[in-house]
1. May I ask for the distance between the Cα centers of segment A:1-35 and segment B:27-84, given as a whole number of Å?
2. Per-residue Cβ counts within 10 Å, from other chains only, averaged over A:36-45: what number is that?
3. What does the average come to when, for each residue of peptide B:88-100, you count the partner chain Cβ atoms lying within 10 Å of its Cβ?
4. Which lysines have a Cα less than 22 Å from the Cα of A:Lys78, not counting those fewer than 8 places away in the same chain?
5. Could you tell me the convex hull volume per residue, in Å³, taken over the Cα atoms of chain B?
6. Assigning unit charges at the beta carbon (Lys, Arg +1; Asp, Glu -1) and nothing else, what dipole magnitude in debye, to the nearest 20, does chain B show about its Cα centre?
7. How are the C-alpha pair distances of segment B:27-66 spread across 5 Å bins, as whole percents from the shortest bin up?
8. Per residue, what volume in Å³ does the convex hull of the Cα atoms of segment B:40-88 enclose?
Amino acid sequence: AQSVTQLDSQVPVFEEAPVELRCNYSSSVSVYLFWYVQYPNQGLQLLLKYLSGSTLVKGINGFEAEFNKSQTSFHLRKPSVHISDTAEYFCAVSDSGGYQKVTFGIGTKLQVIP
Amino acid sequence: SAVISQKPSRDICQRGTSLTIQCQVDSQVTMMFWYRQQPGQSLTLIATANQGSEATYESGFVIDKFPISRPNLTFSTLTVSNMSPEDSSIYLCSAATGVKGSPLHFGNGTRLTVT
């Protein structure tokens, strides 16, 4: 069984400043890792995913994340945020040994301040 | 990527009644799931909707409370039965192709309030 910890429930940041949203996971097997974004009154959309290969993955809207196996982390970053990035961000994990159900973190609300 | 239509988008229901939520996917998908999203909590998987057979429920969820149908590859329903205020939540339909590492696609959710 896996678990996901998102250390920050809310992150306020000024527009054009950089941001990092933290995610740690635990699992006894190899995993796939995902970041999803949820805008108000909408479902979740995939931002990016790590399956294998390069540990730095780039996603939509200028976001990127780095897989760190030794620290069991998958932090999400953006060098310069925009007002439109205000949303809730979910880190998620699934086993890589076949199609398995996905476990989500509690979510981090990113509030971009003008 | 799959587009998922979910309805109703929101509803206010009285205690003791039932609500059926519909989920339509615009392409054939292997996997369909129902999640519950409560404030301050992570998304919780209710069940996997299996085509033509009984759904697979997660711990803490039972068929009598959350009956699910999936008559074909693109359509599923979730019923919330005998509702109580504790059932107030957002219910999300999601789907995936079933290929290893394939992401989940989500509907916009149904915001349910039970009074």
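Where a number appears in this text, it was derived from the coordinates with a stated rule and is not lab data. Worth saying up front: this structure is predicted, and the values here are computed from it rather than measured. Cβ sites come from the backbone with ideal geometry, for glycine too, and all protein chains shown count toward neighbours.
1. 26 Å
2. Numbers: counts 4, 0, 7, 1, 0, 6, 4, 14, 12, 5.
The per-residue average across the peptide is 5.
3. On the way: counts 0, 0, 3, 0, 3, 1, 3, 0, 4, 1, 2, 1, 9.
The mean count of partner-chain Cβ atoms within 10 Å per residue comes to 2.
4. Here the lysines satisfying the reach criterion relative to A:Lys78 are A:Lys49, A:Lys58, A:Lys69, A:Lys109.
5. 99 Å³
6. Taking the Cα centre of chain B as origin, the dipole is about 160 debye.
7. P(r) over segment B:27-66, rounded to whole percents: 6, 22, 28, 22, 14, 7, 2.
8. Numbers: hull volume 4.5 nm³, N = 49.
With only Cα atoms used, segment B:40-88 gives 93 Å³ per residue.
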